[in-house]
Amino acid sequence: MRHTLSCFIKILVFSCMVVSVSFAQTDSIPDNTKLTDSVKFKQKYGLRIGGDISKLVRSFIDDDYTGFEINCDYRLTKRWYIAGEIGAEERTTDTDFLNATAKGTYFKAGADYNAYENWYGMENMIYGGLRVGVSSFSQTLNSYSVYSDNQYWSPQFATNESIEYKGLSAIWAEVITGIKVEVVNNLYLGANIQFKYMVTQDQPDNFENLYVPGYNKTYDSGNFGFGYGYNISYLIPLYKKAK
């Protein structure tokens with residue numbers, strides 16, 4: 001009986017020690033739920049400025065083209081950015097019946113929406129946006145020929161006397177979609193495509209615009225156009241906001 005009582009006391013003491021150690025360990029373990037709820041990280045807000053490197057490359061390899069574009073965006077919220085582009089282009093178009101040069105400047109303004117859910121520390125973009133574009137340009141008819149139905153008897157009329165039409169303008173809307181990837185801290189590479197709709201444009205006398213700076217090539221009097229860009233840009237952080 002005495003031996004049994006002694007064993008029981010030893011078991012009770014051991015159990016109390018185990019329970020005490022367990023409570024002590026439980027008290028020392030942090031509450032992950034509370035910790036997770038309290039963790040916040042800050043995202044960068046600022047002005048991102050860059051340029052379209054595809055236009056610069058094209059200026060070097062295409063004798064009929066010269067142009068540049070500066071683009072920028074400013075972050076308003078977690079998802080929304082105001083954005084715009086400004087540039088200048090000169091493009092010569094050569095067809096069977098005429099040679100014409102379009103030259104001018106353009107400006108586009110609108111907004112982008114970032115649909116990409118970044119991981120911690122990432123600031124990348126997969127975005128879509130809208131722009132309104134305005135261009136002021138001139139068209140120079142460098143040379144042209146007049147088509148004759150009677151090819152046997154009548155020679156083709158042709159002239160190399162240039163005619164310049166100044167003060168032309170165009171307004172269009174475009175949908176843009178693209179990506180921007182942070183390759184090093186605050187430095188981004190990006191690509192985009194643009195689908196354009198011509199709202200209004202001034203046409204020279206006796207022929208149509210073949211190219212509008214900022215809008216790009218026109219297609220047989222149609223109102224729809226297409227463009228693309230490859231960009232490099234740098235983010236100037238102005239402040240940070242907790243997420």
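The values are calculated or read from the model by the stated rules, or taken from the named source; none is laboratory data. What you see is a predicted model, and the numbers here were worked out from it, not measured in a lab. Quick reminder, even Gly has a Cβ in these numbers, built from the backbone with ideal geometry, and neighbours come from all protein chains shown. The protein model used for the area step is the full one, side chains on, heavy atoms only, and it has no ligands, DNA or RNA in it. Shrake-Rupley method; radii C 1.70, N 1.55, O 1.52, S 1.80 Å.
Ranked from the most accessible area to the least, with a 1.4 Å probe and all protein chains present, what is the order of Phe107, Phe224, Phe137? Please list the in-between numbers first.
Details: Phe107 110, Phe224 145, Phe137 5 Å².
My answer, sorted largest first, is Phe224, Phe107, Phe137.
Apply 1/(1 + (r/R0)^6) to the Cβ-Cβ distance of Ser54 and Ile82, taking R0 = 25 Å, and write down the FRET efficiency to the nearest 0.05. Please report the intermediate quantities before stating the final value.
Values: r = 23 Å, r/R0 = 0.92.
Efficiency, from the Cβ-Cβ distance: 0.60.
Each label point is 7 Å from the Cα along the Cα-to-Cβ direction; what then is the distance between the points at Val175 and Ala111, in nm?
For Val175 paired with Ala111, the spin-label model returns 1.7 nm.
With r defined as the distance between the Cβ atoms of Tyr74 and Ile232 and R0 fixed at 25 Å, what FRET efficiency is calculated, to the nearest 0.05?
Approximately 0.90, to the nearest 0.05.
Could you pull the accessible area for Ile86 with a 1.4 Å probe, rounded to 10 Å²?
90 Å²
Pop a pseudo-label 7 angstrom from the Cα along the beta-carbon direction at both Leu130 and Ser143 and give the gap in nm to one decimal.
4.6 nm
Compute, for Glu164, the solvent-accessible surface of its heavy atoms (probe 1.4 Å) with the complete set of protein chains present, and express it in square angstrom to the nearest 10.
Answer for Glu164: close to 100 Å² accessible.
Sorting Leu189, Leu210 by accessible area (1.4 Å probe), largest first, what list results?
Result of the area sort, largest leading: Leu189, Leu210.
Just grab the label-to-label distance for Thr159 and Met122, each label 7 Å out from Cα along the Cβ direction, in nm (one decimal).
Going from the Thr159 label point to the Met122 one covers 6.1 nm.
Using Cα-Cα distances under 8 Å and only pairs 6 or more residues apart, what relative contact order does the stretch 51-204 have, in percent? It would help to have the intermediate numbers written out before the result.
Working: 349 pairs, mean separation 25.2, N = 154.
Rounded, it is 16 percent for the stretch 51-204.
Using a 1.4 Å probe and counting only protein heavy atoms, arrange Asp112, Asp62, Asp94 so the residue with the most accessible area comes first.
Order by accessible area, largest first: Asp94, Asp62, Asp112.
What aspartates and glutamates could a cross-link reach from Lys240, if we take a straight Cα to Cα line under 13 Å and drop same-chain neighbours fewer than 8 places away?
Answer for Lys240, where 13 Å is the Cα cut-off: Glu123, listed by chain and number.
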